[in-house]
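*Asks:* Before anything else, here's the structure in question.
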Amino acid sequence: MANNKNTLTAEEKIRLLNGKDFWHTDDLNGKLPFITMSDGPVGLRTERTGEDGKNYTLPAVAYPSIEVLANSWNRALAKEMGECLADDARDRGVELLLAPGVNIKREPRNGRSFEYFSEDPVLAGEMAKAYVEGVQGQGIGVCLKHFCCNNLEYDRLHQTSDVDERTLREIYYRPFEIVCEAKPVSVMCSYNRINGEYGSEYKKGFDFLRDECGFDGAIVSDWGAVRDRTAAAKAGLDIEMPHGEAGMKKLADDLAAGNITQSEIDACAERVLQLVQRLKEMGKGKENKRSEEERVASARRIAAEGIVLLKNEGVLPLAPGAKLAVSGIYAKPDRTDYLSGGGSARVEWKAFTADLPAALSARGYGVSYEPAFGTQVIHSFWQDARTALLAAARADAAVVCVGTGGGVEFEEGDRETLRLPDVQERAILETARQNPNTVVVVFAGAAVDMSFWEDKVAAIIYAGFPGMGGMDALADILSGKVNPSGKLSMTFPLDEEDAPAARAPRTAGVTRYQEGLDVGYRYFDSHDVPVLYPFGFGLSYSEFFYRDLRLLTEGDTLFAEYVVENVSERDGCEISEVYVGECAPLVYRPRKELKGFSKDFIAAGKAVTVRVPLDTRAFAHWSTARDRWEVTDGIYEIGIGASVEDIRLTAKVCIQDGKVYIE
Ligand code: BGC
């Protein structure tokens, strides 16, 4: 098909550089095959036009949000979710999935945080890489997004992310670089500008992808992100989406005027042809790996591993047969958007399965339920709320379900605050006054400020947006059938203003990334700023003991090898985190940075030996003097932690002239 390029007219080549409509590449009136694209990252969002001419979103399997997936720290599960989505896509005739988003969670209030993996580039990159391997391994292409520095929704079409080169390389480019190892077939540009350049015209970044990361796919615009089609094509943006006549006219006029050459247009057209050909070939002979029922089961398993237990003063798991007072509309919402973020990543659930009271009753508990309160308001006047409190007073334990939802966390807007609405905070505090065994379950897409009530309750579970299998997964955790094993992929600060990014000046059109490398835990940890729950934190019903750290080399790679022992009577999974920090560095470096991780199942009373590789990049920084990655001679500390604040084992290595000496 690539040879077709020579048989296409100049006008046809220009048409190829533009979508046919909202979701397809142009087939040049049947001369070429076309490809069908669709959102989204956690469930298909395909549309159908009804008899009334309106567009309707077709129901699909709704997986947990990307944030919940990231909280699982389980690469195999990320791959499984990718495979499931590929099967869903195939069922709908979709060949290109507009996902995953790997932007860094720089500002906890970002309205799209629920769509992104982490504040850490290694965790984001590694989990997304596994997801991409899953999708593409099953014959469907991905479109990695949004390249790059799309870290806030505020004025997203205009603002410029003002960020220095080292920070770009070490933090914001890095997840894209890692995912490129999985050979994504396409990348979507961002809406915002990067150091003044529109995402669609960001030649420097596109060259980085193509020349340094080995990216050999097509670059697609975010929907409506193209300003100047000629400038975008010259920068290397191949497909403008969705269809728009203005862009094509601009290209034709500029070609005639000599502002763009035929070979520049050919280069883009060639990549579009290659994308179509590649996707057709990838999909050939591929069959679904899982039935739809099995995919729903995967969604539930991912939720079960991504839900994070943040606090437990002994009330969990709930005693068998206990009398429970469940409250809050999130336990049994009448709309699924209480349990998911809004915008292009929103999924129309295939089946309505959000009923925590029923899931708990089915597990043998005596359950009373009162909606009592919703997102902003007390439900059905105060009587309901009082009934909920009386039920709490009578019960063995109270389960208060609070959260945000698509009305609060969505594309095109940021959260005003990390605090929950006043009515929800009051409900928590008043319930806790009635029952000392109050468990709070939070349904949200990113960090929540819990500091006003955290110390008043017995247990806290961060359920995130857990998708269709979420309530069953949650009930399994509450009852102890599943041992919680998620850990936070972002810091939960004590105060929303604590993160330097939240305080950085945002003048008209410019967002200054003046905190540099100090994003997320890199700031809190390096500057000893206390947080509510640190990055990488999450509890289990088991207890794990870390021991016997050894460093060994094999070729250029250093391995950290250590033993994690389950010293409890319950089987469980533990996520162990490997951090590296340079001692007395010459250039600024955060105190420690995540460079590897492992999630391991460990049977009660047993131990596993974990081995995590640390390649050169684990020690390197971006040298702005030399414009390249560099490992400084010096001493490095390797810390093995249960969270960034809970380092259990340490060892040091000395690096001299690129050689590693174990201290
Ligand atoms: C979003 C993309 C999405 C696209 C198509 C844009 O508004 O930023 O993430 O894939 O719409 O729905």
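*Asks:* Would you mind finding the one in 318, 360, 310 that is assigned to a loop (DSSP other than H, G, I, E, B), under 15 Å from residue 441 (Cα atoms) and outside the structural domain of residue 114 (by TED's automatic domain parsing)?
*Replies:* Just one listed residue meets the conditions, 318.
*Asks:* Let me ask something else about it. Provide a single number: the residues in segment 428-442 that are part of a helix (DSSP H, G or I) and over 13 Å from residue 391 (Cα atoms).
*Replies:* Residues meeting the conditions: 2.
*Asks:* Determine, yes or no, whether residue 393 is at pLDDT 95 or above, more than 16 Å from the ligand (Cβ to nearest atom), in a helix (DSSP H, G or I) and open to solvent by 50 Å² or more (accessible area, probe 1.4 Å).
*Replies:* Considered against the rule, which asks whether it is at pLDDT 95 or above, more than 16 Å from the ligand (Cβ to nearest atom), in a helix (DSSP H, G or I) and open to solvent by 50 Å² or more (accessible area, probe 1.4 Å), residue 393 comes out as yes.
*Asks:* In addition: Kindly provide the set of residues from segment 426-443 that are open to solvent by less than 40 Å² (accessible area, probe 1.4 Å) and either closer than 20 Å to residue 115 by Cα or modelled with pLDDT of 95 or more (or both), ordered by number.
*Replies:* 428, 431, 432, 435, 438, 439, 440, 441, 442, 443
*Asks:* Which pairs turn up if I take residues in segment 1-19 that are at negative phi and among the acidic types (Asp, Glu) and look for partners that are surrounded by 17 or more Cβ atoms within 10 Å (Cβ to Cβ) and modelled with pLDDT of 95 or more with beta carbon separation below 7 Å, at least 6 apart in sequence or on another chain?
*Replies:* Every condition considered, the pairs that remain are 12/28.
*Asks:* Among the numbered conditions (1) under 24 Å from residue 305 (Cα atoms); (2) in contact with a strand residue (DSSP E or B) (Cβ under 8 Å, 6 or more places away or on another chain), tell me where residue 646 comes up short.
*Replies:* Of the numbered conditions (1) under 24 Å from residue 305 (Cα atoms); (2) in contact with a strand residue (DSSP E or B) (Cβ under 8 Å, 6 or more places away or on another chain), the odd one out for residue 646 is (2).
*Asks:* Let me ask something additional. Which residue is nearest to the ligand (Cβ to nearest atom), if the candidates are limited to segment 117-163 and must be among the aromatic types (Phe, Trp, Tyr) and modelled with pLDDT of 95 or more? Give the steps one after another, and end with the answer.
*Replies:* Residues of segment 117-163 among the aromatic types (Phe, Trp, Tyr): 117, 131, 147, 154.
Applying the additional criterion that residues be modelled with pLDDT of 95 or more yields 117, 131, 147.
Details: 117: 15, 131: 15, 147: 11 Å.
Among them, the one singled out is 147.
*Asks:* On the given criteria, is residue 422 open to solvent by 10 Å² or more (accessible area, probe 1.4 Å), farther than 18 Å from residue 315 by Cα and free of Cβ contacts under 8 Å to residues at least 12 places away in the same chain?
*Replies:* Spelling it out, residue 422 is indeed open to solvent by 10 Å² or more (accessible area, probe 1.4 Å), farther than 18 Å from residue 315 by Cα and free of Cβ contacts under 8 Å to residues at least 12 places away in the same chain.
*Asks:* Tally time: how many residues in segment 314-366 are within 16 Å of the ligand (Cβ to nearest atom) and open to solvent by 50 Å² or more (accessible area, probe 1.4 Å)?
*Replies:* 2
*Asks:* If you check residue 200 against the conditions, is it within 16 Å of the ligand (Cβ to nearest atom), part of a strand (DSSP E or B), over 20 Å from residue 345 (Cβ atoms) and open to solvent by less than 20 Å² (accessible area, probe 1.4 Å)?
*Replies:* Values: within 16 Å of the ligand (Cβ to nearest atom): yes; part of a strand (DSSP E or B): no; over 20 Å from residue 345 (Cβ atoms): yes; open to solvent by less than 20 Å² (accessible area, probe 1.4 Å): yes.
No; evaluated as a whole, the condition is false for this residue.
*Asks:* Right, another one. Any residue in segment 262-283 that is in a loop (DSSP other than H, G, I, E, B) and either buried (at least 18 other Cβ atoms within 10 Å of the Cβ) or not assigned by TED's automatic domain parsing to the domain that holds residue 37 (or both)?
*Replies:* From segment 262-283, those in a loop (DSSP other than H, G, I, E, B) are none; that's our starting set.
Checking segment 262-283: not a single residue is in a loop (DSSP other than H, G, I, E, B) and either buried (at least 18 other Cβ atoms within 10 Å of the Cβ) or not assigned by TED's automatic domain parsing to the domain that holds residue 37 (or both).
*Asks:* When you go through 227, 210 one by one, which is the residue that is surrounded by fewer than 21 Cβ atoms within 10 Å (Cβ to Cβ) and within 16 Å of the ligand (Cβ to nearest atom)?
*Replies:* Criteria check complete, one pass: 227.
*Asks:* Scan the helices (runs of 4 or more DSSP H) fully inside segment 4-102 and keep the ones with 1 or more residues being of a type in the set (S, T, N, Q), under 19 Å from residue 182 (Cβ atoms) and away from the ligand (no atom under 16 Å from the Cβ). Quick ask: steps written out before the conclusion?
*Replies:* On the way: elements: 10-16, 66-72, 75-91.
It comes to 66-72.
Table: residues versus (1) open to solvent by less than 50 Å² (accessible area, probe 1.4 Å); (2) outside the structural domain of residue 487 (by TED's automatic domain parsing); (3) at pLDDT 95 or above.
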site	(1), (2), (3)
40	yes, yes, no
44	yes, yes, yes
47	no, yes, no
55	no, yes, no
61	yes, yes, yes
73	yes, yes, yes
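*Asks:* Can you name every one of the strands (runs of 3 or more DSSP E) wholly within segment 613-662 that holds 3 or more residues which are open to solvent by 70 Å² or more (accessible area, probe 1.4 Å)?
*Replies:* 646-656, 659-662
*Asks:* Quickly run through segment 452-469 and pick out the residues that are within 27 Å of residue 531 (Cα to Cα) and open to solvent by less than 10 Å² (accessible area, probe 1.4 Å).
*Replies:* Scanning segment 452-469 gives 453, 457, 458, 459, 460, 461, 462, 463, 464, 465, 466.
The values are calculated or read from the model by the stated rules, or taken from the named source; none is laboratory data. These figures come from a predicted structure and were not determined experimentally. When we count neighbours, we look across all protein chains shown, and the Cβ atoms used for this are built from the backbone with ideal geometry, even at glycine. For accessibility, only protein heavy atoms count, side chains too; no ligands or nucleic acids. Shrake-Rupley method; radii C 1.70, N 1.55, O 1.52, S 1.80 Å.
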